[in-house]
Amino acid sequence: MPRSTAIGRTAAVLALVGAVVVVLVLLLGGGGSAYTVTAKFVNASQLVPGNRVSVAGVSAGSVKEIELADDGQALVELEVSDDYAPLPAGTHATIRSQSLSGIANRYVDLDLPEDRSGETVGDRGVIEQSDTTSEVDLDQLFNSLDEETVGDLKSVIKGFQRSYDGVGAQANRGFYYLNPFLSTSRRVFGELNRDQRALESLIVDSASLTEALASRAPDIEQLVGNLNGMMGAIGRREAELASAIGQLPDFMRQFNTTAVNLRAALDDVDPLVDASKPVAVKLQPFTARLRGFARDSVPTIQQLDAIVRREGAANDLIELTRLQVPLARIGVGPVNRNGQSRRGALPESAQALDDSLPQLSFFRPYITAEGISGWFDDFGHSGFPDAIGGIGRVGLTMNTFSVGAPPLPIPDLGAPIDLSGLEGNIPGIEALGLDLQNLRRCPGSNERGLTAEQLTQNGTIDCDPSQVPPGP
């Protein structure tokens with residue numbers, strides 16, 4: 001054998017041995033330097049060592065080992081590639097199926113959190129059971145059903161087969177659009193199942209709410225009827241509703257400032273709310289009786305609606321309210337009338353009352369039993385009784401406006417009053433005991449026995465108490 005051939009064969013063997021060593025080094029990973037974590041599952045769901053570990057559908061490692069913990073949990077050791085190591089805290093591991101049928105066709109899907117800047121799971125760390133989800137096999141579901149239910153389920157499946165017979169193309173098209181709905185529903189139910197305690201609380205509270213609503217069925221029926229009437233009334237006011245919606249943006253901008261200021265007011269109202277809680281409990285019997293009152297007041301409210309707003313002109317409360325504005329302007333003023341600015345009716349009336357006070361003060365003493373009221377009272381009886389029967393007093397009072405035969409002429413009403421010429425010109429006036437010029441009589445001077453202080457009201461009336469009618 002030539003020497004060169006032997007050397008070539010020796011070099012080839014050495015190269016092959018070197019390649020094997022390099023492969024072993026790569027496979028062994030330099031003495032166990034790969035990043036691994038242990039995930040705790042309720043059950044391994046037919047996982048086997050070597051199954052794939054993926055992140056968003058991309059291969060990220062493999063299942064290295066599976067063990068059974070003392071508490072019955074499945075300890076699945078995952079070897080994660082350097083591209084995803086170390087895993088961020090909060091990573092969720094889920095065992096999934098690669099296809100509908102097969103043996104050992106499961107894989108572990110890692111759902112990484114959005115925020116990956118926080119803590120991480122260290123090498124040989126642990127992903128707790130709260131962050132893992134095991135696969136649910138169909139056998140587990142079917143094993144929970146009895147024979148009768150399984151038979152009914154078979155009938156349902158056969159019914160589905162008959163219902164899809166001949167419409168496969170249409171069904172496939174429907175399933176094509178159903179896939180996004182199912183994937184979205186999976187995410188929704190995943191979020192619901194994430195917090196079991198909150199979901200249980202929601203179900204229990206919903207059951208309590210449904211029971212409470214069922215016990216108030218008549219009230220709910222009445223509420224629905226009232227809401228129907230209310231929405232119908234709103235629907236009949238389309239123009240007003242459109243106007244209100246158009247004004248809503250400006251209102252909301254103004255309400256924003258009010259709402260900000262309302263926060264401080266709510267803090268001040270908190271003590272009132274706390275103090276009202278014991279009273280609110282005592283108000284329950286009252287509110288129960290108030291429900292009957294509210295039910296009986298429905299016809300009245302309906303009639304009030306017709307009073308507030310009615311078809312036609314000048315026949316409802318809204319139009320009456322609109323008339324108050326011009327009435328208030330005329331009453332309060334100022335208003336322009338006859339080319340000038342004048343005060344309103346109310347200020348003018350107040351001024352008229354102030355100006356009439358002197359006249360009212362003058363007439364006040366005469367509005368007594370001896371004055372005007374006494375004059376009206378005299379028409380009720382002709383005299384007063386005494387020991388021997390009824391008596392009467394007649395007084396004749398003459399003034400410048402008395403009309404009679406000559407020599408008592410009718411005076412000129414426009415000329416100054418002068419009675420000095422009459423006295424002594426009327427025959428027999430002195431013989432009758434009559435006199436003239438009694439122009440300053442006091443109110444009540446026809447009565448006898450009154451003192452000067454009584455006639456002059458303690459000097460407050462400018463009159464002559466000596467001027468009295470003749471006679472006893």
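Some notes on this structure:
- Some residue of the range 300-310 being over 19 Å from the mean Cα position of the chain (by Cα), surrounded by 10 or more Cβ atoms within 10 Å (Cβ to Cβ) and farther than 30 Å from residue 321 by Cβ: no
- Check on residue 45, outside any strand (DSSP E or B) and without any contact (Cβ under 8 Å) to a residue 60 or more places away in the chain: no
- Selected residue [modelled with pLDDT of 90 or more and either in contact with a helix residue (DSSP H, G or I) (Cβ under 6 Å, 6 or more places away or on another chain) or among the aliphatic types (A, V, I, L, M) (or both)] from 39, 56, 34, 69: 39
- Inside the range 48-80, residues that are in contact with a strand residue (DSSP E or B) (Cβ under 6 Å, 6 or more places away or on another chain), in contact (Cβ under 8 Å) with a residue 40 or more places away in the chain and not in a strand (DSSP E or B) make up a count of 2.
- For the range 68-88, the set of residues classified as crowded, with 18+ Cβ neighbours inside 10 Å and within 13 Å of residue 48 (Cα to Cα) consists of 74, 76, 78, listed by residue number.
- Where a residue in the range 306-325 is on the phi > 0 side of the Ramachandran plot and its partner, wherever it lies, is surrounded by 10 or more Cβ atoms within 10 Å (Cβ to Cβ), with Cβ under 9 Å and at least six apart: 314/320; 314/323
Residues checked against (1) among the polar types (S, T, N, Q); (2) farther than 30 Å from residue 222 by Cβ; (3) not in a helix (DSSP H, G or I):
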site: 263; (1), (2), (3): no, yes, no
site: 273; (1), (2), (3): no, no, no
site: 295; (1), (2), (3): no, no, no
site: 302; (1), (2), (3): yes, no, no
site: 310; (1), (2), (3): no, no, yes
site: 321; (1), (2), (3): yes, yes, no
site: 329; (1), (2), (3): no, yes, no
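- Any hit, the range 161-177, residues being surrounded by fewer than 10 Cβ atoms within 10 Å (Cβ to Cβ), of a type outside the set (Phe, Trp, Tyr) and within 26 Å of residue 111 (Cα to Cα): no
- Residues in the range 30-42 that are within 17 Å of residue 129 (Cα to Cα) and part of a loop (DSSP other than H, G, I, E, B): 42 alone.
- Taking residues in the range 113-126 that are closer than 9 Å to residue 36 by Cα, and partners anywhere that are surrounded by 12 or more Cβ atoms within 10 Å (Cβ to Cβ), the pairs with Cβ atoms closer than 6 Å and at least 6 places apart or on different chains are 123/35; 124/36; 125/37.
- Residue-level analysis places residue 104 among those that are of a type outside the set (Asp, Glu), at positive phi and outside any strand (DSSP E or B).
- Filter result for residue 295 (charged (D, E, K, R), under 30 Å from residue 236 (Cα atoms) and under 23 Å from the mean Cα position of the chain (by Cα)): yes
- Sub-8 Å Cβ pairs linking a first residue in the range 350-361 that is farther than 20 Å from residue 461 by Cα to a second residue that is at pLDDT 85 or above, at least 6 apart or interchain, are 351/343, ordered by first then second residue.
- The range 156-193, residues that are closer than 27 Å to residue 133 by Cβ and among the acidic types (Asp, Glu): 191
The values are calculated or read from the model by the stated rules, or taken from the named source; none is laboratory data. Computed from a prediction, not measured in an experiment: that's the story for all the values here. All Cβ positions, glycine included, derive from the backbone under ideal geometry; neighbour counts span all protein chains shown.
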